[in-house]
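Structure record follows, encoded as structure tokens.
What follows is calculated from the coordinates using simple rules that are stated; it is not laboratory data. Remember, predicted model here, so these are calculated numbers, not experimental data. Note: ideal-geometry Cβ built from the backbone for every residue, glycine included; neighbour counts use all protein chains shown.
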Amino acid sequence: MNLEDQWIASEAAGRIGESEVFGAQISAIVSMLRAMYMAHPAPERVRHHFDQLMAQLLSSPYVSNDPDRQLVLQETAASLIRHPRAAGPG
């Protein structure tokens with residue numbers, strides 16, 4: 001994006017609000033992570049390390065004492081390794 005496009009995006013962010021901006025940013029990050037995972041020459045190794053990191057996070061005090069946070073985190077993690085669905089008709 002050039003500077004003008006960045007300015008236009010910044011104005012759009014102001015119109016849609018902080019939480020919608022955050023959601024859009026997370027969607028872009030998730031898309032990039034999924035693309036990297038699927039393009040990796042050894043996705044099983046990535047998955048193994050990812051599973052280890054998730055287990056550590058789920059057992060941390062930040063998450064282990066909050067069942068709702070655990071569920072959201074587990075679903076988010078699962079969505080990162082799910083095969084993408086084909087785009088439906090327009």
query: When the chain is fully extended, how far beyond the present Cα-Cα distance does SER79 get from SER31, taking 0.36 nm per residue of separation?
result: 16.3 nm
Value at 222 nm in deg cm²/dmol, rounded to 500, when DSSP H runs of n ≥ 4 in the chain each add -39,500 (n - 2.57): -26000 deg cm²/dmol
Cα gyration tensor, the chain - rounded (a/c under 1.5), prolate or oblate: oblate
- line: When ARG85, ARG69, ARG45, ARG34 are ranked with the fewest other C-beta atoms within 10 Å first, the list becomes ARG85, ARG45, ARG69, ARG34
- request: Please say if region 42-83 is rounded, prolate or oblate, where rounded means a/c under 1.5 for a ≥ b ≥ c the square roots of the C-alpha gyration tensor eigenvalues, and otherwise the choice is prolate for a/b larger than b/c and oblate otherwise?
  value: oblate
- line: Classified through the alpha carbon gyration tensor (a ≥ b ≥ c as square roots of its eigenvalues; rounded if a/c is under 1.5, else prolate when a/b is larger than b/c, else oblate), region 1-47 comes out oblate
